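The values are calculated or read from the model by the stated rules, or taken from the named source; none is laboratory data. This structure is a prediction, so every number in the text was calculated from the model and none was measured. Reconstructed Cβ throughout: ideal geometry from the backbone, glycine too, with neighbour counts over all protein chains shown.
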Amino acid sequence: MTRALFLLVVAALLAGCGGGTAAQPPARTAEAVPTTAPTTETEAGTDAEPETRAAPAPGPGLPAWTAGYADWSRLNAQPIPPRDADPHLSTKNVYASMRAVGGVYPPGTIVVKEGVRPGTTYVGLIAAMRKVAGANPEHRDWLFVEWTRDAAGDSFTKLAEGSVCESCHSGVADQDYVFTKG
């Protein structure tokens, strides 16, 4: 009888612990099912499609490498007002595609200065510097170019490049030829 009692106790324990037969998981209820799909990659894993944006287009008449410059780091805290003998007679903002390291910009950096001329509300000037390894060793490999336009709907046309720009920027050679520190 003790053996029968022992087997009965063991059977009861196994049944209470889910032993003996495989337990089935509880059925999923309607409350447990998500009612909305994830809307971003940060919600519910990676089921969502990543958000895509069209690449910015360059301004009319400007090269592709200037596209999106206004999204780069702005080097000046406040717009730079025009001054006497200003070669870029305009209110200016300066943007850099990369940050300077130890006061020197790495190869591949692009610096864009945009200018709004007095009495206008549109960007009428784009002056750019590109640092291309080996391209201009005398000026730390910076290449300089400037474009202007006379009306908001016009395309930019090249106004100056090379030595015209270098002659002024040589005055800040100790700042890697960039007037606005970055």
From the option list Pro60, Pro106, Pro87, single residue qualifying as at pLDDT below 95, in a loop (DSSP other than H, G, I, E, B) and not acidic (Asp, Glu) is Pro87
Picking from Ala152, Ala127, Ala135, the residue that is more than 20 Å from Trp65 (Cβ to Cβ) and without any contact (Cβ under 8 Å) to a residue 60 or more places away in the chain would be Ala152
In segment 69-83, anything surrounded by 15 or more Cβ atoms within 10 Å (Cβ to Cβ) and under 14 Å from the mean Cα position of the chain (by Cα) is listed as Tyr69, Trp72, Arg74
A careful count of residues in segment 104-119 that are more than 25 Å from Arg149 (Cβ to Cβ) and not β-branched (Val, Ile, Thr) gives 4
